[in-house]
């Protein structure tokens, strides 16, 4: 594998301090499906939007009914080779910041510490009225209690704790209000489509990009602007960009290097190579 990614190893030697931007491809080895195909197109219907979730009660019922079943996959997921390799690279001093578009928390679980969860975390729920937060696991217990038997519906696994439930009537699914204030709408503490990423996360990531030698994209097509903006910013600042991704990315024209190989194995090989003494 090291021979296959020799250009990536050379890139990391030339640019030893990286801002790493990760996407769903880093978590597929952990059993969490990704969103897009090799052409960057949706594999299934686009995810929930902020406007639909907050503006339509039926959309919320559908979301939480699917989440009740899909949450088991997220709860059981463990770090894969990509997460472990990036934690190793951070320990060796090669990661200025790990900026992840994923909401699964697996970079933290693998031991990475310099992490910004750009789109939030699925393991936390927030009340839109009183801003109270509670663990997603606590909400799961409430959902089970109010909707007995719902978890037995067959469903295929979908990205980010979703599940493909077709042909069901969601109108009687009982969504609990916030247990802290008694009336507020509960929302997963993630950035939905149509919702803005908190400005402080963007600013912190851009500051880290300024300090870094280069940008490394791992497992992301960058089709979503919230991630693509950092490729644009790197290019504008004259920072070289490398990407490890199976398929097209939105930033292909900006890349100095592209590695179209499995993300986990490539990052593992990179971490191993950078751990070895260099020979002249």
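Please treat every number below as a calculation from the coordinates, not as lab data. These figures come from a predicted structure and were not determined experimentally. Quick reminder, even Gly has a Cβ in these numbers, built from the backbone with ideal geometry, and neighbours come from all protein chains shown.
As a calculated quantity, the FRET efficiency between residue 236 and residue 14 at R0 = 25 Å, using C-beta atoms, amounts to about 0.80. The length gained by stretching the chain between residue 169 and residue 261 to full extension, at 0.36 nm per residue less their Cα-Cα distance, is 29.0 nm. The relative contact order of segment 9-168 comes to 28 percent, based on Cα pairs under 8 Å that sit 6 or more residues apart.
Taking a ≥ b ≥ c as the square roots of the eigenvalues of the Cα gyration tensor, segment 128-209 is oblate, since a/c reaches 1.5 or more and a/b is not larger than b/c. Here the peptides 114-123, 96-105 are ranked by packing, the mean other Cβ count within 10 Å, and the order with the highest first is 96-105, 114-123.
Sorting the segments 80-92, 255-267, 17-29 by their residues' average number of neighbouring beta-carbon atoms within 10 angstrom, most packed first, yields 17-29, 80-92, 255-267. Between residue 145 and residue 130, the modelled labels are 1.5 nm apart [label points 7 Å from Cα along Cα→Cβ]. Considering only alpha-carbon pairs that sit under 8 angstrom and 6 or more positions apart, the relative contact order computed for segment 146-268 is 15 percent.
Treating r as the C-beta distance of residue 181 and residue 210 and R0 as 30 Å, the FRET efficiency rounds to 0.15. Prolate is the label for segment 202-270, because the ratio a/c of its alpha-carbon gyration tensor axes (a ≥ b ≥ c) is 1.5 or higher and a/b is greater than b/c. In the chain, the DSSP beta bridges split such that about 30 percent are antiparallel, to the nearest 5. Helical content of the chain, expressed as a calculated mean residue ellipticity at 222 nm, amounts to -11000 deg cm²/dmol (DSSP H runs of 4 or more residues, -39,500 (n - 2.57) each, divided by residue number, nearest 500). Packing order of peptides 194-200, 173-179, highest average first: 173-179, 194-200 (average count of other Cβ atoms within 10 Å over each peptide's residues).
In plain terms, the chain from residue 51 to residue 272 could stretch by 75.1 nm, reckoned as 0.36 nm per residue minus the Cα-Cα distance.
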